[in-house]
Amino acid sequence: MRTGDFAEWTRRFEDERERRRAQGDPDWGQGATLHPAVWAGIQRFQVGEDGDGANLVGTADRAGDPDYAQAVRLFVAEEQNHARLLARLLAAGGKPTLTGYWSDTVFVRLRRLMGLRVELLVLMIAEVVALRYYRALREGTDDPLTADVAGRILSDEQRHVPFHCERLHASLAELPRAARRPVMAVWRLLLLAASLVVATDHGPSLRRLGIGRRRFVADVMASSRTVVSAVLMPRPEVEVPRPDTGTSAD
């Protein structure tokens, strides 16, 4: 796929939408049983997935590429489906959704500080952290319904990262060459800070899923190297790496 060919991304999102329709939902009737700490983590991530995406869609519209704007709308629809899946999973376990959570509020406010470039850089922090969390949720529980939901969301997130990388590559190309690597270096520092916050906040949940705080942060930062390369390279197609899922003490 050519760099900047967002009509192709639209086709990918539409194909995935049709595949989801044909697949149908998980079997919610089987219920779900998890440790309270894991439920708490799912509740917090559900809040983060649950947004209308209006600000991102608006900035995408103003970017002047109709194909990209349409692809963003389809991306937002997938994120909203993640929120729906997690809400149904919580309901299957008899757990309520949260009306809000402080970390989500911070991310939303940061994303809206400036234009599309900053919004995507902040969004990518959340996406890269989410990759490791949903992998831990899929592989760290023996509850079939939870593993099914986490696997579906993870599959989507693995497509979202290269999608955002491609647009960020085009956006950073507008900056002086000498500024591009420093921008991504700052991004990695912010990612490190965010992953430390998540590891601390979700520590009990992560331990129940078989991954310690330090391992979680290390895996997030290891995957970020591929993302940075994809954003800076002329062809930012990125294969999201699969981090070691071994356990680690805190």
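The values are calculated or read from the model by the stated rules, or taken from the named source; none is laboratory data. What you see is a predicted model, and the numbers here were worked out from it, not measured in a lab. A quick note on method: Cβ atoms are made from the backbone with ideal geometry, for glycine too, and the neighbour counts reach across all protein chains shown.
Give 79, 18 a once-over and let me know the one that is part of a helix (DSSP H, G or I) and either aliphatic (A, V, I, L, M) or closer than 30 Å to residue 232 by Cβ (or both).
79
Look at segment 124-173 and say how many of its residues are basic (Lys, Arg) and touching an Asp or Glu at 6+ places or on another chain (Cβ under 6 Å).
Count: 1.
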What about residue 33, is it part of a loop (DSSP other than H, G, I, E, B) and either touching a residue at least 60 places away in the same chain (Cβ under 8 Å) or at positive phi (or both)? yes
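Yes/no matrix, rows are residues, columns are (1) under 30 Å from residue 8 (Cβ atoms); (2) surrounded by 19 or more Cβ atoms within 10 Å (Cβ to Cβ):
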position	(1), (2)
139	no, no
146	no, yes
172	yes, yes
175	yes, no
181	yes, no
203	no, no
213	no, yes
Please give the number of the condition residue 166 fails out of (1) assigned to a helix (DSSP H, G or I); (2) of a type in the set (D, E, K, R); (3) closer than 26 Å to residue 26 by Cα. (3)
Using the structure shown, decide if residue 23 is touching a residue at least 60 places away in the same chain (Cβ under 8 Å), of a type in the set (S, T, N, Q), surrounded by fewer than 17 Cβ atoms within 10 Å (Cβ to Cβ) and under 16 Å from residue 149 (Cα atoms). no
Residues located in segment 51-77, provided they are crowded, with 20+ Cβ neighbours inside 10 Å and under 15 Å from the mean Cα position of the chain (by Cα): 56, 72, 75
Find the residue count for segment 196-216, including only residues that are within 9 Å of residue 132 (Cβ to Cβ) and at pLDDT 95 or above. 1
Of the conditions (1) over 21 Å from residue 157 (Cα atoms); (2) surrounded by fewer than 18 Cβ atoms within 10 Å (Cβ to Cβ); (3) touching a helix residue (DSSP H, G or I) at 6+ places or on another chain (Cβ under 6 Å), the single one that residue 92 does not satisfy is (2)
So is residue 115 small (Gly, Ala, Ser) and modelled with pLDDT under 95 or not? yes
Every residue from segment 130-142 that is modelled with pLDDT of 95 or more and outside any helix (DSSP H, G or I): 140
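What is the residue count in segment 161-188 for residues that are more than 12 Å from the chain's Cα centre (by Cα) and of a type in the set (Phe, Trp, Tyr)?
Residues in segment 161-188 being more than 12 Å from the chain's Cα centre (by Cα) and of a type in the set (Phe, Trp, Tyr): 1 in total.
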Residues in segment 143-160: is at least one assigned to a helix (DSSP H, G or I), at pLDDT 95 or above and more than 18 Å from the chain's Cα centre (by Cα)? yes
Can you name the number of the only condition in (1) touching a residue at least 60 places away in the same chain (Cβ under 8 Å); (2) surrounded by 16 or more Cβ atoms within 10 Å (Cβ to Cβ); (3) within 19 Å of residue 222 (Cβ to Cβ) that residue 154 fails? (1)
